[in-house]
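Okay, structure first, notes after.
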Amino acid sequence: MSECTNEHCFYAFDTLYCHLNPRAKPIPLDFPDTKYPLFVTWNIRSSSSPPRLRGCIGSFQPLDLKEGLQEYALI
């Protein structure tokens, strides 16, 4: 696997949602927890304008996907 999947994106959003809503329980996902360099990018979208970059953070150092996505989704 060398590309972002819908599961990875969902995992980042779910991490953020559960952080902002402490009563929410994370939805378990089953993707391989292998090490990859990774970046999380957030965009602002509206119906009246094109997407704008809100932020991007990551590492070229290979990280475990689940731990890395959790960490960088909240920074």
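Of all the numbered requirements in (1) in a strand (DSSP E or B); (2) touching a Leu at 6+ places or on another chain (Cβ under 7 Å); (3) open to solvent by 100 Å² or more (accessible area, probe 1.4 Å), VAL40 misses one, and that requirement is (3). For segment 1-12, a residue qualifies if it is surrounded by 11 or more Cβ atoms within 10 Å (Cβ to Cβ) and part of a helix (DSSP H, G or I), and the qualifying residues are GLU7, HIS8, CYS9, PHE10, TYR11, ALA12. Scanning segment 13-32 for residues that are in a helix (DSSP H, G or I), open to solvent by 100 Å² or more (accessible area, probe 1.4 Å) and either more than 21 Å from ASN43 (Cβ to Cβ) or at pLDDT 95 or above (or both) turns up TYR17, HIS19, LEU20. Restricting to segment 43-73, count the residues that are surrounded by 12 or more Cβ atoms within 10 Å (Cβ to Cβ) and farther than 15 Å from TYR11 by Cα. Residues meeting the conditions: 5.
The values are calculated or read from the model by the stated rules, or taken from the named source; none is laboratory data. All values reported here derive from a predicted model rather than from experimental measurement. Cβ atoms come from the backbone with ideal geometry, glycine included; neighbour counts cover every protein chain shown. Heads up: the accessible areas ignore ligands, DNA and RNA and are worked out on the full protein's heavy atoms, side chains in. Shrake-Rupley method; radii C 1.70, N 1.55, O 1.52, S 1.80 Å.
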